[in-house]
Amino acid sequence: MTRGPAPRILLVEDELLVALAMQALLEDLGYKDIAIAGALLRASQLLADAQPDLAILDVNIGRDQVFPFAAELRSRRVPFFFCTAERRETFPVEWQGYHVIAKPVDEGRLRSALQALGQPLHRSGDEVPSA
């Protein structure tokens with residue numbers, strides 16, 4: 001088996017300390033190509049520049065909700081999950097079936113969410129099947 005490239009991740013999170021903590025957890029799991037967007041305009045710019053392999057979305061970004069951006073990801077077939085302190089029941093109905101992990105995030109929940117999207121871990125010693 002050979003290791004495949006780690007995917008590009010777009011993290012949409014407006015709280016800088018939370019974003020940095022999530023980035024550190026992702027790096028601990030072996031993901032290195034992580035773009036952080038603290039605003040929806042920046043997330044849209046990053047999406048236009050290079051489509052990520054997956055995205056992690058906070059629901060409330062400043063005064064806005066992330067759902068229109070999630071719709072754009074869905075239309076581009078970019079897998080994503082929500083990472084939020086909001087309860088799934090407060091989401092619009094069309095988004096209630098999507099994977100959600102609660103804040104504060106720990107490595108185990110993050111690992112499970114990534115694996116639920118079919119993402120292999122990329123730590124040294126973790127083997128990824130070759131295509």
Percent relative contact order of the chain, based on C-alpha pairs within less than 8 angstrom and at least six residues apart? 30
Once phi for every residue in the range 100-106 is put through the Karplus expression 6.51 cos²θ - 1.76 cosθ + 1.60 (θ = phi - 60°), the whole-Hz ³J(HN,Hα) values, with Gly and Pro written as x, are 10, 10, 8, 8, x, 8, 10
Karplus-derived 3J(HN,Hα), 6.51/-1.76/1.60, for each residue of the range 30-36, Hz, glycine and proline x: x, 8, 10, 9, 10, 9, 10
Give me the one-decimal nm value for the distance between modelled label points at Arg76 and Glu89, 7 Å along each residue's Cα-to-Cβ direction. 3.4
From the alpha carbon gyration tensor of the chain, can you work out the equivalent ellipsoid semi-axes (sqrt of 5 times each eigenvalue) and give them in Å, largest to smallest? 23, 16, 15
Whose amide H sits under 5 Å from the amide H of Lys103, counting only residues 5 or more places off or on another chain, with H placed in the peptide plane? Thr84, Ala85
With the full set of protein chains in place, find how many percent of the accessible area of the chain is carbon and sulfur; take the probe as 1.4 Å. 51
State the antiparallel share, in %, of DSSP beta bridges confined to the chain, rounding to the nearest 5. 10
Return the long-range amide H neighbours of Asp64 (sequence gap of 5 or more, or a different chain), with a cut-off of under 5 Å between placed amide H atoms. none
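The values are calculated or read from the model by the stated rules, or taken from the named source; none is laboratory data. None of the values given here were measured: they were computed from a predicted structure. Virtual Cβ from ideal backbone geometry, glycine too; neighbours counted across all protein chains shown. Remember, those area values only see protein heavy atoms, side chains included, never the ligands or the DNA or RNA. Shrake-Rupley method; radii C 1.70, N 1.55, O 1.52, S 1.80 Å.
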